[in-house]
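Below is one structure, written out as structure tokens, with a few remarks after it.
The values are calculated or read from the model by the stated rules, or taken from the named source; none is laboratory data. What you see is a predicted model, and the numbers here were worked out from it, not measured in a lab. Positions of Cβ are generated from backbone atoms using ideal geometry, with glycine treated the same way; all protein chains shown enter the neighbour counts.
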Amino acid sequence: MSQKTLAEGADVGILAEPEHPASPKRWWILAVVALAQLMVVLDATIVNIALPSAQKDLGFSDGNRQWIVTAYALAFASLLLLCGRIADLFGRKAAFLTGVVGFAAVSALGGAANGFGMLVSARALQGAFGALLAPAALSLLNTTFTDARERARAFSVYGAIAGAGGAVGLLLGGLLTDALDWRWTLYVNVVIAVVAFAGGWFLLTNHRDARNGKLDVPGTVLVAAGLFSLVYGFSNAETHDWGSALTWGFLIVGGVLLAAFAWWQTRAAHPLLPLRILLDRNRAASFVTVLISAGGMFGVFLFLTYYLQLNLGFSPTKTGVAFLPMVAALMVAAQLGTTVLLPRTGPKALVPLGFAVAAVGMAWLTGIGIGSSYLSAVLPQLIVTGFGLGLVMPASMQLATGGVTAEDAGVASATVNAMQQVGGSIGTALLNTLAASAATNYLSGRDATSKLVQAQATIESYTTAFWWSAGLFAAGAVIALLLFRRGVSQQDADAAPVIHM
């Protein structure tokens, strides 16, 4: 006999008494958590637009440029599960505030960088503190909102920020770089952090739901090393080829370490990632859909940014503004999906529909050309893609973190963030490699010195990436259709138990 979900249980009153009653300050807490999450998410893209200016100022090579981005991703991905468990063991408020302060401090350090080494070290430390902050923020949301309808609205906001934060980062990065200096793409985090810290200090309480647990040291080492190797291997695919030992070697090592981690979790007395979290079918499916959506999104942000700036001549600020309609569509769909559609149709209908809509948008975007207009060849396609992703991401995040005990909320939230980060790394490596191959193949047998031929080669690389993103979203639709349970959400009997907090 399966247990009911939190949403269903709240309606029929069959769940246990609240462990943590609903906070009267919950909407203010949502604002603080959303602000902190925005700081973490936008930092994955805000520095990208500023990289050319930073490179010119500090004088580092093209080969070193990618490590400004990769250092953040490596630290963030490899430490997420550890930091999620730390939030469960030592308190979410403490983890949240430490993450906010640390992120602000190392952002200031990066803004004051006088060379490549200082900047890349600051970016790695940003990733580490972001890994502490992100799961604490998401688990706070999960334990603060106990009413099913309110929780749906909260997750629609959080999911919209997670999906649109990259576009906001592009806009803010462009504005700051054009108006001030590239260093302000890092200094701005200090301003955001001051507000988030003040709100967190006064609004949050420091629940330690896993206070009697212990840290799984072997599991921590295995998963941190495994995720590091996996992300590092995919990152190397961008600068080396797939046949390089630095690529496949690290990918194999990462796979073996993660397999060993999964084996160890079945035997550890205090597992870092309790396998009961993965036993619920809808929750496991949600982890997969977060991974796929994050991988495909890079086809939108990365290559469309190149196209708008290099081919259509947009400034960094104008490029950021060009993504705003996508953000608006994503936020509308997020609200519609989590509060209206998901409670009525369940994820098996909603998530595949969102993926299918996003796939149509990306396939439509392949019609761009050298002289295309933004209004006809980019804007409608962005709106369609944004709407589709808005149906997928918030619903998946809500399902992935809902229905777990309070003591597992941090690690469940960390798993969602890990799926996002690994998916983004895989998507970046795959799409970059495929795009570069498409450009090379197009130039083969043609006059490579012709500017027209070169321009068309770049268009070929972009459209190839868009086609593969569309294919990834289409595959996501099929996988979601197969994995999600039919009807409204139910809890598998052997999965992490549901509590009404």
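Details
- Residue pairs whose Cβ atoms lie under 8 Å apart, separated by 6 or more positions or on different chains, with the first residue in the range 304-333 and touching a residue at least 60 places away in the same chain (Cβ under 8 Å) and assigned by TED's automatic domain parsing to the domain that holds residue 173 and the second among the basic types (Lys, Arg) and assigned to a helix (DSSP H, G or I), are 308/318.
So that you can scan it fast, the table gives a plain yes or no per residue for (1) touching a helix residue (DSSP H, G or I) at 6+ places or on another chain (Cβ under 7 Å); (2) surrounded by 19 or more Cβ atoms within 10 Å (Cβ to Cβ):
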{"residue": "84", "(1), (2)": "yes, yes"}
{"residue": "90", "(1), (2)": "no, no"}
{"residue": "95", "(1), (2)": "yes, yes"}
{"residue": "100", "(1), (2)": "yes, yes"}
{"residue": "109", "(1), (2)": "yes, no"}
{"residue": "121", "(1), (2)": "no, no"}
{"residue": "130", "(1), (2)": "yes, yes"}
{"residue": "137", "(1), (2)": "yes, yes"}
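- Residues satisfying the criterion are absent from the range 435-449 (criterion: at pLDDT 85 or above, crowded, with 22+ Cβ neighbours inside 10 Å, in contact with a helix residue (DSSP H, G or I) (Cβ under 9 Å, 6 or more places away or on another chain) and under 15 Å from residue 306 (Cβ atoms)).
- Here residue 317 meets each of (1) farther than 16 Å from residue 411 by Cα; (2) under 21 Å from the mean Cα position of the chain (by Cα) with one exception, condition (2).
- The range 274-296, residues that are surrounded by 24 or more Cβ atoms within 10 Å (Cβ to Cβ) and more than 16 Å from residue 397 (Cα to Cα): 296
- Conditions (1) at pLDDT 80 or above; (2) among the hydrophobic types (A, V, I, L, M, F, W, C); (3) in a helix (DSSP H, G or I); number of the one not met by residue 370: (3)
- Residue match in the range 57-70 (condition: at pLDDT 80 or above, in a helix (DSSP H, G or I) and surrounded by fewer than 19 Cβ atoms within 10 Å (Cβ to Cβ)): yes
- From the list 387, 355, the one residue that fits, being touching a Gly at 6+ places or on another chain (Cβ under 6 Å), closer than 26 Å to residue 421 by Cα and aromatic (Phe, Trp, Tyr), is 355.
- Checked against the criterion of being within 29 Å of residue 456 (Cα to Cα), in contact (Cβ under 8 Å) with a residue 40 or more places away in the chain and of a type in the set (A, V, I, L, M), the candidates 436, 418, 358, 412 yield just one match: 358.
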